[in-house]
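Enquirer: The structure that follows is given in the form of structure tokens.
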Amino acid sequence: MIEDLTLSRRRLLEMSVIAGGALLLPRVDLAFAQPAERMPTSEQAMGPFYPVTKPIDQDADLTVIAGKPGKAQGQAIYVMGRVMDLKGRPIPNAQIEIWQANTFGRYTHPNDRNSAPLDPSFEGYGLFVTDQEGRYRFKTIKPAAYPASADWVRPPHIHFQITTKANWFVTQMYFAGEPLNEKDSLLASASNKETLITQLMPPTKDLEPDVLVAVWDIVLPRS
Ligand SMILES: [Fe+2]
């Protein structure tokens with residue numbers, strides 16, 4: 001769901017507490033603080049580029065590869081939010097996997113035949129779990145659009161696979177303001193595409209000044 005900018009900024013300030021590494025937020029019982037029923041995040045196709053071979057360096061920072069010099073090219077972004085159930089209750093210890101194209105629109109995958117270059121410093125895959133408040137955060141590069149066929153260019157997006165005791169959930173996150181969003185048949189097929197689109201915003205003071213930040217909550221269908 002697209003939140004208005006004011007609300008998104010407030011959520012960003014809340015979530016930045018995690019980015020700073022100190023969980024200082026007052027503990028709130030979200031079952032009482034949130035509406036009784038939330039719009040579930042729409043599911044999306046897995047797509048053809050889930051990693052065949054997962055990298056050894058599996059973590060929440062895709063912009064550096066352990067043991068290798070250099071940083072990934074492109075616009076660095078943080079993506080953060082909460083995983084929750086339909087009643088807004090946080091889901092801790094949810095395993096989140098993400099995979100995406102690099103800043104040139106190329107996946108590190110043997111079946112990606114696009115001519116765009118690989119970036120040897122970009123991880124392309126991340127793996128992490130939510131904390132006890134259901135929160136997650138990762139650092140990556142804003143992916144570029146890429147051609148999926150002769151007449152279809154996919155808008156920038158990040159693939160998510162979320163595994164919990166009750167859910168195996170696959171979806172894709174998109175960025176607000178991308179003209180290709182309006183033409184994408186996969187995004188259009190979502191039962192509620194607003195649940196899949198988030199805003200990129202300037203960083204809070206505790207983050208690097210050249211990054212952008214997206215806050216994106218994920219509402220799973222089962223507790
Ligand atoms: Fe994709």
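Enquirer: Based on Cβ point charges of +1 for Lys and Arg and -1 for Asp and Glu, what charge dipole magnitude is obtained for the range 53-151 about its Cα centre, in debye rounded to the nearest 20?
Expert: Rounded to the nearest 20 debye, it is 180 debye.
Enquirer: Can you give the FRET efficiency to the nearest 0.05 for Glu208 and Glu37, using r as the Cβ-Cβ distance and R₀ = 30 Å?
Expert: The pair Glu208/Glu37 has a calculated efficiency of 0.20.
Enquirer: Give me the orientation-averaged projected area of the Cα convex hull of the range 49-162, in nm², one decimal.
Expert: 7.9
Enquirer: Right, here's the next one. Projected onto the charge dipole of the range 125-223 (+1 at Lys/Arg Cβ, -1 at Asp/Glu Cβ, origin at the Cα centre), which of Phe160, Thr198, Val215 gives the Cα projection farthest towards the positive end?
Expert: Ranked along the dipole, the leading option is Phe160.
Enquirer: What dipole magnitude, in Debye to the nearest 20, does the range 111-202 give about its Cα centre under +1 on Lys/Arg Cβ and -1 on Asp/Glu Cβ?
Expert: Approximately 160 debye in magnitude.
Enquirer: Setting aside same-chain residues fewer than 8 positions from Lys193, which aspartates and glutamates have a Cα under 17 Å from its Cα?
Expert: The reachable aspartates and glutamates, counting only those whose Cα sits under 17 Å from Lys193, are Glu3, Asp4, Glu43, Glu178, Glu182, Asp184, Asp217.
Enquirer: Can you pull a Stokes-Einstein diffusion coefficient for the range 43-102 at 10 °C (1.306 mPa s), Rh from Kirkwood over Cα pairs, as a whole number of µm²/s?
Expert: 109
Enquirer: Take Ser185 and Asn114, extend 7 Å from each Cα along the Cα→Cβ direction, and tell me the distance between the two endpoints in nm.
Expert: 1.8
Enquirer: Could I ask something else about it? With the cut-off at 31 Å, tell me which of the pairs Lys183/Lys205; Lys71/Lys205; Lys165/Lys205 have Cα atoms farther apart than that.
Expert: Distance filter (> 31 Å) returns Lys183/Lys205; Lys165/Lys205.
Enquirer: So if we plug the beta-carbon distance of Val153 and Gln95 into 1/(1 + (r/R0)^6) with R0 = 35 Å, what FRET efficiency do we get, rounded to 0.05?
Expert: 0.70
Since every read-out is calculated from the coordinates, none of them should be taken as a lab result. The model shown is predicted, which means the values in this text are computed figures rather than measured ones. With ideal geometry, Cβ positions are generated from the backbone for all residues, glycine too; neighbour counts draw on all protein chains shown.
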